[in-house]
1. Excluding residue 383 itself, calculate the net charge of residues whose Cβ lies under 14 Å from the Cβ of residue 383, where each Lys or Arg counts +1 and each Asp or Glu counts -1.
2. How far is it, in nm, from the label point at residue 184 to the one at residue 58 when both lie 7 Å from their Cα along the line to the Cβ?
3. On the full set of protein chains, 1.4 Å probe, figure out the accessible area of residue 375 and give it in Å² to the nearest 10.
4. Accessible area, 1.4 Å probe, largest first: how do 343, 201 sort?
5. Please return the longest stretch of the chain lacking exposed loop sites, where trypsin sites (Lys or Arg not before Pro) count only if DSSP places them in a loop and at most 15 other Cβ atoms lie within 10 Å.
6. With θ set to phi - 60°, apply the Karplus curve 6.51 cos²θ - 1.76 cosθ + 1.60 along the range 322-331 and write out the HN-Hα couplings as whole Hz, x wherever there is a Gly or Pro.
7. Dipole of the chain, Cα-centred, from +1 at each Lys and Arg C-beta and -1 at each Asp and Glu C-beta, to the nearest 20 debye?
8. From the phi of every residue in the range 154-167, what ³J(HN,Hα) in whole Hz does the Karplus formula 6.51 cos²θ - 1.76 cosθ + 1.60 yield, where θ is phi - 60° and glycine or proline is x?
Amino acid sequence: MPLLNKIGTAASRSSPTPPGLRRLRVILTLFFALDGFIFAGWVVRIPAIKDQTGASASDLGLALLGVSVGAVITMTLTGRLCRRFGTHPVTVACGVLLSLSVALPPLTHSAPALGAVLLIFGAAYGGINVAFNSAAVDLVAALRRPIMPSFHAAFSLGGMAGAGLGGLIAGSLSPTRHLLGLTVIGLLVTGVAGRALLRIEPPAPADSSQEREGGPAPGTRTPRLDTRTRRLVLVFGLIALCTAFGEGALADWGALHLEQDLAAHPGIAAAGYSCFAFAMTLGRLGGTTLLERLGQTPILVAGGATAAAGMLLGALAPTVWLALLGFAVTGLGLANIFPVAFERAGALAGPGGVATASTLGYGGMLLGPPAIGFMADWFTLPTALTSVAVLAGVAAVIGYTTRP
């Protein structure tokens, strides 16, 4: 089987990509970037909205659970919608809802109200991630190349752009105007890219096995998966959870750790997540080449071990610069684990597999911040952040056990 995979990869690289598939790749990349851009725009305004609502750290953690609950509930439903209506229409619909819902948080003035509107935002966020990841899995199968990391690199680049823009305008623009601006940008991008996406037929799976290469066509009945396949999908979902937990935790708590525990200047503290995101983006941009040369198991094992070491340094380092280095190493380690887990789950079970991996993976990303908040109240923030290293190590061990 590995030899066949290498032959298929070599053949795909030697033949030109059909124009329709190239166009589809560009459009999906745009949606991934938009998702990261909007989510990062919300994340950088969390401190201002926390002050606006008067929420404590624990209250904010509970409110942030609204994103998690909304996403997890919607992800399973979205897998069914993708099978019935197709991944492309569902991607466009969720893009519209995501763009509209990001404007709601700054309109609230209490933690319960914030949690309620974050349910809507989380539902849109979870839905679009299942939809465009399912579409990307179909494209990966059609191209016979491991290009999934490139899509997640676009998400990371969008996140960096969203965080950078938010940092620049945070002092001069209110959260209400800032997030409303994201709504306008999101609707414009979704309108243009979505119109093009709806005109493109999803690629037919490159293999006759629907379960392995992207699932059945929209509107057809999903074949029942055997027990081993369901377990494998859950395993890859668990790997995604372990790694995504760290991404969510660093997004919301990394800057606070640098400023509160290491007395970093606010500007330097804000660079903490940027270091992490930039390193992750670089890792994902080179992810396709690494996967073609090394294979999936070395990426999972080495990535998890590298992220564990980096996060221990980031959480326990005595100086700001060592902590920043630790954040960057963590980003490099986690870069390609998440997209590999998604691609394998989708190849095994189609949109249903992506929905399962999404539920666990993005659930871990969204549950990470509130979990770190509670652990920080019980222990200390540096101790709480070491949980990221523990879960990255668990992902490496699980990745090794799936090598057969």
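The values are calculated or read from the model by the stated rules, or taken from the named source; none is laboratory data. In this text, all values refer to a predicted model and were calculated from it rather than measured experimentally. For neighbour counting, all protein chains shown are included, and Cβ atoms are generated from backbone atoms with ideal geometry for every residue, glycine included. Ligands, DNA and RNA are stripped out before the accessible areas are found, and what is left, the full protein with its side chains, is counted by its heavy atoms. Shrake-Rupley method; radii C 1.70, N 1.55, O 1.52, S 1.80 Å.
1. Details: positive: none; negative: 261, 377.
So the environment of residue 383 carries a net charge of -2.
2. Going by the 7 Å Cα→Cβ label model, 4.2 nm.
3. Near enough 40 Å² of accessible area.
4. Numbers: 343 30, 201 150 Å².
Largest to smallest exposure gives the sequence 201, 343.
5. Numbers: sites that count: 199, 221, 224.
Answer - 1-198.
6. Those phi angles translate into 5, 5, 4, 4, x, 4, 5, 4, 4, x Hz.
7. Values: 25 positive and 16 negative charges, 286 e Å.
Value, rounded to 20: 1380 debye.
8. 5, 4, 5, 5, x, x, 5, 5, x, 5, x, 5, x, x
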